[in-house]
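Just below is one structure, and these are the notes that go with it.
The values are calculated or read from the model by the stated rules, or taken from the named source; none is laboratory data. Owing to the predicted nature of the structure, the values given are computational and were not obtained by experimental measurement. So basically every Cβ, Gly included, is an ideal-geometry build from the backbone, and we count neighbours across all protein chains shown. Note: areas computed on protein heavy atoms with side chains; ligands, DNA, RNA excluded. Shrake-Rupley method; radii C 1.70, N 1.55, O 1.52, S 1.80 Å.
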Amino acid sequence: MANNILNDLSIYLHWPFCKSKCPYCDFFSKVKKNIDQDAIIEGYIKQLENYASRTKDREVVSVFFGGGTPSLITPQNIEKILNSINKLWHVSPNIEVSLEANPNTQTPTLFSDLAHSGINRLSLGVQSLDDTELKFLGRTHTAKQALQAIDDVLKNYTNHSIDLIYALPHQTFDTWQKELNQISSLGLKHLSLYQLTIEENTVFYKKGIKAMDEEKAAQLYQFSDDFLASQGYAKYEVSNYSRPGYQSVHNKAYWIGQDYIGIGQSAHGRLHLDGKIFAVTDPMLFEELSPSERAEELIIMGLRLSSGINKSDFKLCCGLDFDAFINQDFKNRCQKQGLLVDDATTLKATKEGFLLLNYLISGLCGA
């Protein structure tokens, strides 16, 4: 990683509105029909202007419209935001501009209209290609609609991704294998596979839905790794797989410790300003982080990457020496157990270690 890690800047814009609330979702979102979209967008632009006054020297390398369901934003308003970003900052000539979309928000020309507005990477929330599973997940699209949307994404975007959820309580190995076979045959560049977890304050939790047995879920995870590798998809993060050259620039910004700002209700960011590290939340509330607090965050995020934690970047981002910060006795034990690989430049989890990330993170950060 070049030493410009603290010069690059990513921008996340949160659109909290959805047509309906999925029963597994614990993200901040609202189901609301009558909203003044233009007024909200103007508010976002004012926030961008405020951040730009503090970060004029940065280069924007990625923009991500997340949610919620940001494909509900009109292409005209997407274009308005991107024009503002282009005026306020120097923008990388290779900027990645992503937007999350649901198959059932699509109109006949939505994906092409979004491409013309400046979106160059579309992330499609498919979640499943099985109608029974989609109904269980509370999704309002069908498998047929999902496949049609995928086809339209492929026609309009060279760079794209789809999300799938696996380890549903009654999912079988055969149905998951069939789904991966189908999805890997479509020519997609990037896949995000998320294990279903039952979080508090979700409908599933309140209904008493139980997660899949951990051992069975781990078997599905390992199968996914091996199968997708055989299909030309490399795992570069615990839940993300890509063809060569199609890793997510924006999501990697979080994992490697690069600065980013968050626009919109519940959005947050991390910024280096005047030699200090800040956690920033909407509306521009700055909370200073200690070097050790940021160091723990960098370990939590960085160990998710297949490439692991770059020790030089770690020091640039938090000011602390990596080997001096971590629990060396714990690290040495995990190396002997085949869970970690350590050298002069990098620490990373092995294939077995990826199944025990929470244990590794806790131990490395412990005294």
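Have a look at I263, I256 and point out the one that is touching a residue at least 12 places away in the same chain (Cβ under 8 Å), open to solvent by 10 Å² or more (accessible area, probe 1.4 Å) and in contact with an Asp or Glu (Cβ under 8 Å, 6 or more places away or on another chain). Give the derivation first.
Details: I263 fails: open to solvent by 10 Å² or more (accessible area, probe 1.4 Å).
None of the others qualify; the one that does is I256.
Does K311 meet the test of being without any contact (Cβ under 8 Å) to a residue 60 or more places away in the chain, more than 22 Å from S224 (Cβ to Cβ) and touching an Asp or Glu at 6+ places or on another chain (Cβ under 6 Å)? Working first, answer last.
Working: without any contact (Cβ under 8 Å) to a residue 60 or more places away in the chain: yes; more than 22 Å from S224 (Cβ to Cβ): yes; touching an Asp or Glu at 6+ places or on another chain (Cβ under 6 Å): no.
So K311 fails the test.
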query: Which condition breaks for D225 when tested against (1) assigned to a loop (DSSP other than H, G, I, E, B); (2) in contact with a strand residue (DSSP E or B) (Cβ under 8 Å, 6 or more places away or on another chain)?
result: (1)
- prompt: Which of the residues spanning the range 113-143 are modelled with pLDDT of 95 or more, farther than 23 Å from S242 by Cα and either polar (S, T, N, Q) or out of contact with any helix residue (DSSP H, G or I) (no Cβ under 6 Å at 6 or more places or on another chain) (or both)?
  reply: H116, S117
statement: Filter the range 202-246 for residues that are at pLDDT 95 or above and basic (K, R); the one that is surrounded by the fewest Cβ atoms within 10 Å (Cβ to Cβ) is R243
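Out of all the residues in the range 271-322, which are aliphatic (A, V, I, L, M), in a helix (DSSP H, G or I) and either closer than 26 Å to L48 by Cα or open to solvent by less than 70 Å² (accessible area, probe 1.4 Å) (or both)? Please lay out each step first, then the result.
Step one: filter the range 271-322 for residues aliphatic (A, V, I, L, M), giving 271, 273, 277, 279-280, 284-285, 289, 295, 298-301, 303, 305, 309, 316, 320.
Checking which are in a helix (DSSP H, G or I) leaves us with 295, 298-301, 316.
Those that are aliphatic (A, V, I, L, M), in a helix (DSSP H, G or I) and either closer than 26 Å to L48 by Cα or open to solvent by less than 70 Å² (accessible area, probe 1.4 Å) (or both): A295, L298, I299, M301, L316.
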- line: Only unsatisfied item for C334, checking (1) outside any helix (DSSP H, G or I); (2) surrounded by 15 or more Cβ atoms within 10 Å (Cβ to Cβ), is (1)
